[in-house]
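Read the structure below first, then the notes.
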Amino acid sequence: MIAPHETSSKLGTILVVDDEPDILVAIEDLFESDYRVLTSSSPTKALDILRGEPDISVIISDQRMPEMQGDEFLAKARIHSDAEAILLTGYADLKAVIGAVNRGRIMAYAPKPWDPAALSGMVASATERHRLTRELNTERALLRGLMESIGDQISFKDLEGRFIRLNSIKAASLQLSVEECLGRKERDLVPPEQAAAVLEAERRAIAVKGPVEVIEERHAGDGNSQWFFVTQIPIPDHSGHVTSIATIERDITERKMMETRLRQADKMQALGTLAGGVAHDFNNLLMAVLGSLDLASRRAPDDPRLNRLLKNAIYAAERGASLTQRLLSFSRQRDLRLQTVDVNRVIADMNDLLLRTLGGVIRIEKDLAENLWLAMVDPDQLELAVLNLCINARDAMSENGVLTLSTRNQVVVANQVPDLDPGEYVVVSVADTGSGIPPDILNRVLEPFFTTKEVGKGTGLGLPMAYGLARQSGGTVTIDSTVGAGTVVELYLSRTAAFVSDAGQEEAVVTSPGQRVRILLVDDDPDVRAVTAAYLSDMGHRVVEASDGAAGLDILRADDQIDLLIADFAMPGMTGLDLALQAREHNPSLGVLLVTGYADPERVPEGYPMLHKPFNRGELAARVRDAIENQNPSPDA
């Protein structure tokens, strides 16, 4: 018989199993006011009740029953229920009681006839024990679920440092299972240097009786560094004495690398600003030097020795100009002339340059892919980047080293190459058989001005410039190096499907000035102004000079015969752009050419052409001709 009695104030549910109906009624009468009571005269049916009633807290079972003995029933009941068990029997059968304890895990034994007060006390204790056991199991399940679902390494240790509990992530970090770690000390499972840190952290947490936080750098098996934010939390008992330590270890390697990249970006931005300023001043000096040398070489007598000295001076100054170009590219103050480029052709055209620059102590091999895609890149900067990568490769090798310059088409999928979007790329690879780059240096080689070469033998701008070129061209740079085996640097360039005509590969050097005009030249640097004026005069133009914007504006207002304004972009007081804007308000048809060694292209409105210092006579002639031909038409025309 099943007789449930349910009220909201019941202390719990009791299942009574006895083959004698009178016993069932008596026990039901004893407990029905405080408990929900289920009864059954059949152990088999009682097992069915247990399957459908998960909230039974106490089972009271007779020992001797026709279908099965009480200890056997309670053993089977354990399969379906976590209820506490009390065994009733009218026989002094010690063996049965022992069997019930071992198999049915009974918590109490009551003889028949029972003492109602004693039985009530047993049931109350069993109910409370069941409640506490369930709460404990719930807490354990929640803790276990939390520990296994969280991404941090979590462990609990006693005061000797032995693991009491830990999650599988922590165990995996020690290359063991959770069971293999329990009872063992962490400092016995890690390298000696880390063991000392673990012991010190545990002692400090116990001593301060409060959380201790520290960032630790650890070296993985592959030699790479990992960073962990480690929190040691001492756990006190009710009297305040520390009894155990909880440790939470969070892998912050990605965050650390992001912080490093952000610091690097800040550093590169600051250095870029500095580099741009240095390049501006340096370009003014080079403009005066190169221009003066060029003019001197044109006027010099036919003296082979003098001409050779002038050519050497021009070559040295041009090398300085090349360095400023690299500085400006690094600082992003120089516009890249992105265009469709046949990379194989650029590399093929570098044959003589590479042979002269790299010398004969190493062997140069090329593996240029057939049907290579076209790339979107600045061809001059690409040539400079490849040259620098080849120089780095040469410097890393001894005599008889092999430098391999290769190209290939590459389809990049998501997450295949760091910091690179999926897509199609042209890859330029420079491989050497040199000494390789140690891991602690490899993550710094893209820093501007960082170099491992001797003083005077490296600027530290080669790789950063190549990286800057690749990023501004929609690609990136990857470096793979093995100490003692060599290094491979790969330059990823965005593919373009545009067509390249042979006629567009080289710009014609314009030496013809075309129409001769009256030009106002405004530059605050007298040396640069003198060289530029001499160039313009040699072309047949009439030149009027001014040393600043205000003086230039006065000349424009007084002289309506000015056809073209050539102004330095960066001048104190009134910039070249400010002068040009006010000049066109006075004369809308005036041609304008801005000249500078340092400019922010975003500040220059459309229709104001720029010429970068240092320039040669041919470049100046070409831009002057373009500026004249593209003059704004007069409003009266």
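Could we say that Val543 is at pLDDT 90 or above, surrounded by 14 or more Cβ atoms within 10 Å (Cβ to Cβ) and closer than 19 Å to Glu629 by Cα here? The answer is yes for Val543. Per the listing Glu67, Glu28, Glu72, the residue uniquely in contact (Cβ under 8 Å) with a residue 24 or more places away in the chain and assigned to a loop (DSSP other than H, G, I, E, B) is Glu67.
The set of residues in region 367-404 being under 17 Å from Tyr492 (Cβ atoms) and touching an Asp or Glu at 6+ places or on another chain (Cβ under 7 Å) consists of Trp373, Leu374. The single condition among (1) buried (at least 17 other Cβ atoms within 10 Å of the Cβ); (2) modelled with pLDDT under 90 that Glu490 does not satisfy is (2). Candidates in region 7-49 are the residues that are of a type in the set (Asp, Glu) and either crowded, with 20+ Cβ neighbours inside 10 Å or within 18 Å of Ala117 (Cα to Cα) (or both); of these, the one that is farthest from the chain's Cα centre (by Cα) is Asp29.
Looking for something under 23 Å from Lys170 (Cα atoms) and at pLDDT below 85 - is there at least one such residue anywhere in region 231-243? Within region 231-243, none of the residues are under 23 Å from Lys170 (Cα atoms) and at pLDDT below 85.
Do the conditions hold for Ala207, that is, is it small (Gly, Ala, Ser), surrounded by fewer than 18 Cβ atoms within 10 Å (Cβ to Cβ) and more than 23 Å from Glu148 (Cβ to Cβ)? Against the criterion (small (Gly, Ala, Ser), surrounded by fewer than 18 Cβ atoms within 10 Å (Cβ to Cβ) and more than 23 Å from Glu148 (Cβ to Cβ)), Ala207 qualifies. Between Glu179, Glu160, the distinction of being assigned to a helix (DSSP H, G or I) and either surrounded by fewer than 15 Cβ atoms within 10 Å (Cβ to Cβ) or free of Cβ contacts under 8 Å to residues at least 40 places away in the same chain (or both) belongs to Glu179 only. Which of the residues that make up region 362-410 are part of a helix (DSSP H, G or I), in contact with a strand residue (DSSP E or B) (Cβ under 7 Å, 6 or more places away or on another chain) and not aliphatic (A, V, I, L, M)? Across region 362-410, the qualifying residues are Pro379, Cys390, Arg394.
Just one of (1) closer than 18 Å to Arg625 by Cα; (2) over 51 Å from the mean Cα position of the chain (by Cα); (3) modelled with pLDDT of 90 or more fails for Ile555. It is (1). Taken together, the residues in region 163-176 that are assigned to a helix (DSSP H, G or I) and not charged (D, E, K, R) amount to 5.
Condition check ((1) within 30 Å of Leu88 (Cα to Cα); (2) in a strand (DSSP E or B); (3) in contact (Cβ under 8 Å) with a residue 24 or more places away in the chain) across all residues:
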| residue | (1), (2), (3) |
| --- | --- |
| Met122 | yes, no, yes |
| Ala126 | yes, no, yes |
| Thr138 | no, no, no |
| Ala141 | no, no, no |
| Gly145 | no, no, no |
| Gly183 | no, no, no |
| Gln232 | no, yes, yes |
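Among the residues of region 119-158, just one is among the acidic types (Asp, Glu), under 20 Å from Glu179 (Cβ atoms) and modelled with pLDDT of 85 or more, namely Asp158. You will find that of Ala550, Ala530, the residue that is modelled with pLDDT of 85 or more, over 26 Å from Val289 (Cα atoms) and surrounded by fewer than 20 Cβ atoms within 10 Å (Cβ to Cβ) is Ala550 and no other.
The values are calculated or read from the model by the stated rules, or taken from the named source; none is laboratory data. Please read all numbers here as calculations on a predicted model, not as lab measurements. Note that each Cβ is placed from the backbone with ideal geometry, even for glycine, and that neighbours are counted across all protein chains shown.
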